[in-house]
1. Could you give P(r) for the stretch B:22-265, binned at 5 Å from zero, as whole percent values over all Cα-Cα pairs?
2. Given labels modelled 7 Å from the Cα in the Cβ direction, how far is it in nm from B:Gln131 to C:Leu78?
3. Report for the protein assembly as shown the percent antiparallel among DSSP-assigned beta bridges with both residues inside it, nearest 5.
4. Taking only protein heavy atoms into account and a 1.4 Å probe, give the accessible area per residue of the stretch A:57-318 in Å².
5. Going Cα to Cα from C:Lys201, which aspartates and glutamates come in below 14 Å? Please leave out same-chain ones fewer than 8 positions away.
6. Working with all protein chains in place, sort C:Ile377, A:Ile305 by solvent-accessible area computed with a 1.4 Å probe, largest first.
7. If ligands, DNA and RNA are left out, what is the accessible area of C:Glu202 with a 1.4 Å probe, given in Å² to the nearest 10?
8. Gaussian network model of chain C, Cα springs within a sub-10 Å range: biggest mean-square fluctuation belongs to which of C:Thr101, C:Thr174, C:Thr344?
Amino acid sequence: MTPRASLREAGFRRAGVDHASLLGGGVTLAATAGILAILIVILAVIVVNGAPSLSWRFITTSTARDMFDPDKAGVFPMLVGTSARVILMTLFVVPVGVITAIYLSEYARAASPLTRIIRGAVNNLAGVPSIVFGLFGLGFFIGFIGGTLDELAQGPAAEPRWGKPGILWASLTLAVMTLPVVIVATEESLRAIAPGLREASLALGATKFETVTRVVLPQALPGILTGGILAVSRAAGEVAPILFTGAAYYMATLPGSLTDQFMDLGYHVFVLSTQSPNIDQTKPILFATVLVLLLLTFSLNFVAILIRARIRRSQRAAH
Amino acid sequence: MTSVRPTPAAPAAPDTAALAPVLIRAQGVDLWYGAAHALRSITLDIREKLVTAFIGPSGCGKSTFLRCLNRMNDLIDGVRITGRLEVGGVDIQAPTVDVIELRKRVGMVFQKSNPFPKSIFDNVAYGLRLQGGHSRDALAERVEKSLRAAAIWDEVKDRLQTSALSLSGGQQQRLCIARAIANEPDILLMDEPASALDPIATARIEDLILELKQRYTIVIVTHNMQQATRISDQTAFFYLGQLVEFDSTAKIFTNPGKKQTEDYVTGRFG
Amino acid sequence: MGDSSSPAEARWRQLNTRRRRPLEWLAERVIFAVSLSAIVMVFLIFLFVAKESLPVFTGGVDSALVQPVRPVEDFDRLSRAELQAYLGLSDAEFARKDDETLRLLMEVKAEAQDEIPAEFREDKDARLNTAQWRYLLLPYQWTGYDAPAFIWQPISLIHKYNIVPLFIGSLKATLVALVFAVPLSVAAAIYVSQLAHPRLKEWLKPAIEMLAGIPSVVAGFFALIVMATVLEAPISAVAGWLGLPSSRLNALVAGLALGFAIIPVVFSIAEDALTSVPRSYVQGALALGASKWKAAWQIVLPAALPGVFAAVILGFGRAIGETMIVLMASGNASIVSWNIFDSTRTITATIAAELAEAVFGGHHYRMLFMLGTLLFIVTFASNFLADLVIHRLKARLEGRA
């Protein structure tokens with residue numbers, strides 16, 4: 001009997017093609033490729049349609065009355081408005097977020113109910129719809145705080161100065177919205193620090209606060225930076241929260257004070273897309289504006305991801 | 001493995017050791033991690049300017065007791081300590097005690113060296129900067145003094161501003177020792193300081209300890225019994241959270257009083 | 001002990017006085033106070049959004065077209081409370097106005113009632129308080145309709161506030177998004193987490209997460225300008241073949257764009273869940289001769305199911321709360337229809353589109369805030385559920401459950 005025949009007799013099947021695995025592997029690979037394809041197509045369409053209208057002039061001039069004219073339109077005031085509101089936002093969200101993360105990581109007792117409630121609140125904040133933040137900004141910051149400020153400053157019959165949409169309230173609303181982003185990123189970087197370092201510091205007679213400021217925070221800075229950048233990237237693209245809290249379609253001047261309204265890249269895209277008298281004429285401007293916005297959010301996101309990858313790699317090396 | 005160094009001078013003779021004043025006194029110290037009873041009624045005296053070794057199998061309370069001496073167990077949730085623990089005559093468990101000050105007087109070196117990701121200079125100067133009020137020159141002087149005392153000055157004097165993480169394992173540990181003694185503590189607690197090091201680095205640390213004992217009271221936890229015989233004057237044998245025997249090193253290793261001690265030091269278990 | 005010289009003893013005794021460290025004490029208090037901000041914010045959000053909508057829940061809103069008119073001459077005969085209720089003012093607003101202004105407001109109200117065209121004033125529904133829950137949830141046969149219907153039409157003279165079309169609109173778009181995004185994301189998560197080469201995985205994961213860097217207004221723009229145009233012909237063909245009406249902007253287009261927005265969310269969490277299944281499970285399966293795919297499908301996925309489930313819940317929460325995409329691409333017709341080719345209106349788009357025109361403090365305003373409150377509750381609940389599931393999963397993996 002040939003060896004092969006005897007093996008067959010013994011019951012060994014010839015290795016066949018594993019159809020299920022092929023199918024499964026193929027489908028999942030296709031899904032992954034599909035998602036990447038979606039990303040690439042969206043980016044490609046926007047770049048192809050927007051790049052021709054993108055120019056130095058586009059970025060640096062004001063639109064004035066020529067918003068619909070492809071040769072004269074410019075997004076400078078929108079860029080300023082968007083940048084101003086996210087910078088203002090970081091002034092509020094980064095300190096609060098970092099301090100909260102420090103509390104959760106260094107001071108709070110892990111199992112205490114209060115700690116769990118704080119974490120639950122952070123998680124919930126992350127899930128609140130952006131339009132609800134807009135309502136909150138309107139009801140709380142503009143209505144309550146702004147209204148109270150007006151009454152205190154000028155009496156009950158006051159002409160609203162603080163109690164109306166403005167860049168301060170829009171920034172504060174966004175700060176509340178992006179708080180979870182900063183907290184999570186900071187906590188991640190705090191967790192990555194070897195506990196031995198804290199022990200060493202305390203054993204040398206440092207107080208907890210000294211340990212945090214002299215040893216822990218300096219090491220956590222890259223992570224904090226990542227969190228800040230992610231928050232900025234997220235906030236730059238959000239429109240729903242600023243719909244009622246300060247965005248305007250046309251302002252004759254750049255925002256000069258905290259109570260001024262402002263123009264905004266995303267808001268402009270929204271209004272132009274939905275209320276343009278001649279959509280074909282404005283398409284090139286739209287694409288170019290979207291391209292500018294995308295370049296802004298993507299480059300920020302990219303930088304944040306790079307920093308985070310660098311941190312993760314050094315973390316793996318240290319342990 | 002036989003030692004390649006000449007045997008050091010014999011530790012202080014029993015009666016001389018007994019005359020040294022007591023610096024740390026424990027009376028009936030118990031410790032619980034939640035429900036687990038980790039230390040059972042520990043009573044011992046640690047004397048000034050001697051090296052006292054804690055030996056015993058893993059997990060039997062040596063490190064736990066060591067960490068009581070500078071209140072580092074406070075960092076762990078759910079720890080409860082009863083009994084009296086005196087350092088320099090002061091009950092360090094009392095609520096009136098300034099724990100931060102205590103840790104400046106009672107320094108600690110850890111099993112795994114943990115230099116800060118800062119420069120060598122900044123590492124050693126850390127404790128001094130906490131105190132504040134030192135001029136740049138005074139700091140440099142103290143840093144040099146500590147690095148010399150830790151027998152690492154010659155190796156790092158030209159690169160004080162480089163990162164401490166660029167040093168080898170043995171060097172990092174000596175740096176941590178320099179960092180601890182920069183505070184000029186009275187007592188130095190060492191938790192298996194050489195267990196992560198190769199034999200040559202270990203030998204250097206042991207030599208260092210014998211030098212340091214002229215100025216500091218040293219308590220060292222070790223699972224290496226030969227190390228204990230080489231460098232310590234007194235030895236405490238811990239087993240399952242209890243202090244089984246505490247006496248001069250010579251006696252513990254040549255003529256132990258308890259059978260359990262004899263079994264451990266002769267390697268019958270552990 | 002007494003052998004130590006006095007200065008040494010004194011030095012040690014110094015330990016017994018706790019040093020005052022005001023900076024440390026203050027820092028700890030401040031840190032603690034600031035960290036409560038997250039809790040405070042969630043509470044405030046709910047409070048201020050719900051506060052504006054409270055009258056709807058307590059029956060304090062009257063949106064009837066024809067209201068009983070008190071002539072200005074009655075000013076002195078009304079008590080302060082009655083006057084405040086008649087004019088529909090809050091306590092603060094009422095206190096701020098003097099008698100002259102209040103008389104003026106009464107006149108304005110009387111005039112407004114006079115200006116109502118006769119055919120509306122005689123309408124059978126003119127005196128109906130349409131803000132009652134019966135009209136919010138149940139169908140009603142309004143004048144001009146031949147059957148009871150669910151109508152959301154706040155700006156007509158007879159205000160119609162039925163929220164059912166809006167809920168259906170939100171659910172439609174969300175379901176399309178989930179049906180599109182979940183299989184895609186989970187399949188990709190399986191590939192990236194279990195089948196891909198580790199080096200490939202290192203840049204695949206961030207690449208897919210870059211999709212999260214596309215703001216929703218851009219996705220909405222893309223759907224409105226590009227997708228709607230491209231899909232218009234195929235959609236009307238398929239709809240025609242099925243005998244259904246269709247429009248250029250509809251739930252399908254918006255749902256697909258919504259899907260783009262939730263892919264990163266579902267992918268990220270599902271991939272994390274799959275990766276945190278202990279390697280030992282996989283290695284055990286592989287050692288028994290399973291292929292990577294079989295191990296993933298039969299061992300890892302079932303073990304990670306709670307995490308994947310949580311990912312879907314979070315995707316749902318994100319989709320139902322999304323505003324700009326649906327505002328721009330769903331067509332904004334508030335009708336009751338499960339036809340995905342029909343133009344549709346979601347809760348979020350309604351709030352965004354109509355708030356600017358609503359009179360501050362009026363019934364429309366309160367209705368929109370009420371929608372916001374409902375939305376908050378829905379997303380709060382789905383977040384809570386997802387949290388619970390992930391918590392249970394972690395406990396199980398760590399052997400605690």
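The values are calculated or read from the model by the stated rules, or taken from the named source; none is laboratory data. Quick caveat: nothing in here was measured; it's all calculated off a predicted structure. In this analysis, Cβ positions are derived from the backbone assuming ideal geometry, glycine residues included, and neighbour counts consider all displayed protein chains. Ligands, DNA and RNA are stripped out before the accessible areas are found, and what is left, the full protein with its side chains, is counted by its heavy atoms. Shrake-Rupley method; radii C 1.70, N 1.55, O 1.52, S 1.80 Å.
1. Here the calculated profile for the stretch B:22-265 is 1, 6, 14, 18, 19, 16, 12, 8, 4, 2, 0, 0.
2. Taking the two extended label points, one gets 7.9 nm.
3. On the way: 28 of 48 bridges.
Within the protein assembly as shown, antiparallel bridges account for around 60 percent of the total.
4. 38 Å²
5. Within the straight-line limit of under 14 Å, C:Lys201 reaches these aspartates and glutamates: C:Glu209, C:Glu271, C:Asp272.
6. Details: C:Ile377 85, A:Ile305 45 Å².
Most to least solvent-accessible, the answer reads C:Ile377, A:Ile305.
7. Approximately 120 Å² for this residue.
8. Top of the fluctuation ranking is C:Thr101.
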